[in-house]
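Taking it in order: structure first as structure tokens, then the write-up.
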Amino acid sequence: MRISQKRLVLAFTIFSLFIVFFCWILSEMLFKEDVKKTASFSGGIYNHNYTSREDGIWPSFKRHFIMSNVVAERNNNNSNFSGVACASELYLTTCGNPGMAALILMTLDHISLCHNIGGMPTIFWRNCYTVCPRNASVNAWELFFESVNFKIEDQVKKVFCLGNYLGPEAVIQSHLNIKRSTDKNVERKSLLNLSFRHRDVEGFEGIISRRVRQYANSLIKQYIKVRPNIQQMVDVFFSKYMKGYHVLAVHIRGTDHGDEMEDGKLPQLMTWIKNAEYHFESLPSPKKIFIASDNSESIRKFISEFGDKVIFTKAHRSYNYEGMDSVHLSNIDHYKLGTEVLVDILLMAKCRHFLHAESSVASLVAYFNPDIYTHFLDHIPKEKYKEADKKVPRKSNSNINLHESDNTYSEMLESYECFKENKAYSVCENMAEGKFIDFVDW
């Protein structure tokens, strides 16, 4: 018995030593990995010790990424066509989580930039996660929209490949340094980073004005043609449920959108209800409310208040309004999710009145229909709903630019991994080789 106890103690001791040794090895591995990724920020430039023995692209990529200027050029010397083309290739650095609306807005900015320098845009969405198949050989843009200037990159003498969202500063600089368009109606602002009202958020100072909406709409009419099968979905739903009615469109973005609000939280659902009541009362009969939302709780709440006046499309949605399980980050088929969002945007754009907060979807609705009456949440007489108007003060996020990141190390590294994965699919060979140009100085 005593021998058995000794053996047991010995076995336990050996096992404990093994566990300690294993933990030590694991900690050393994690420490080395952490050191590898350690970065410091100084004077607006990130210094880090990330290196790749496989290629020497990283230093150049880092510099151009920080300047929002991952751009390469291609010269077709045998071409007799002296024009310039711009290939929008956001997928090269955008493998993260921008949804359908944000991708369209970023693409519109590329189109706008190209349009303003007298170029011809062409568009590629590949392997862009939220709305693209993982097969990078598929141009997902053509799953939702008609191709733009098909194969123009093979016909012109010069092609600029736009490998990331250039950002408003780069767009403005480009307008200053590149030959301007003679068209007086062009807009010199980034369409992605505009707001419906003044916001104390750096980078969002610009306002979505009537002029901006008309300009964006002119680009949409010229370059964005919805695929017939998707347009048919829109037309069928409209004819069945909306035709002949005065419809108030309501877009409620919930789930993780609270992180992007100025006060760091989502509006109360009752605030949406009271706003909708106020605007719905002003509509003549017959009337309905079309609600587009990323969560089913908002729809259930509206049905409980407005009954059969509420209509909505069949779509994948998160269950809770304030949950963090954002549906566009789920494993649901990306094409289906993208189609559902696009259909909702197009249906809302068919309405006469639109209740919304700040979001990429709301911006697109205003661009698709520059004549729609937009009603920003809370912009109604306060005596109508004193209870819903109460808000809990929260710490301001005024120093955070939600679309324009501050180029943190982690984002740069993530974008670089995205770049390495997708660079071979660029229409510019120089892009794959990391031979970037300073586009704003061209």
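Summary table
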| read-out | value |
| --- | --- |
| Matching residues in segment 114-142 - criterion: being within 13 Å of Leu90 (Cβ to Cβ), of a type in the set (A, V, I, L, M) and modelled with pLDDT of 90 or more | Ile123, Ala140 |
| Number of the condition not met by Thr107 [criteria: (1) farther than 19 Å from Asn217 by Cα; (2) without any contact (Cβ under 8 Å) to a residue 40 or more places away in the chain; (3) buried (at least 24 other Cβ atoms within 10 Å of the Cβ); (4) among the polar types (S, T, N, Q)] | (1) |
| Qualifying residue in segment 155-163 (condition: touching a strand residue (DSSP E or B) at 6+ places or on another chain (Cβ under 7 Å), outside any strand (DSSP E or B) and either closer than 15 Å to Cys428 by Cβ or modelled with pLDDT under 95 (or both)) | yes |
| Number of positions in segment 338-360 that are out of contact with any Leu (no Cβ under 6 Å at 6 or more places or on another chain), closer than 17 Å to Asn275 by Cβ and at pLDDT 95 or above | 6 |
| Count of segment 295-322 residues which are in contact with a Phe, Trp or Tyr (Cβ under 9 Å, 6 or more places away or on another chain) and assigned to a loop (DSSP other than H, G, I, E, B) | 2 |
| Filter result for the condition that a residue is modelled with pLDDT under 60 and under 19 Å from Glu433 (Cα atoms), over Arg2, Arg53 | Arg53 |
| Any hit, segment 262-283, residues being at pLDDT 95 or above, surrounded by fewer than 18 Cβ atoms within 10 Å (Cβ to Cβ), touching a strand residue (DSSP E or B) at 6+ places or on another chain (Cβ under 6 Å) and aliphatic (A, V, I, L, M) | yes |
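The values are calculated or read from the model by the stated rules, or taken from the named source; none is laboratory data. Not measured: the values here are computed from a predicted model. No Cβ is skipped: glycine too gets one built from the backbone with ideal geometry, and neighbour counts run over all protein chains shown.
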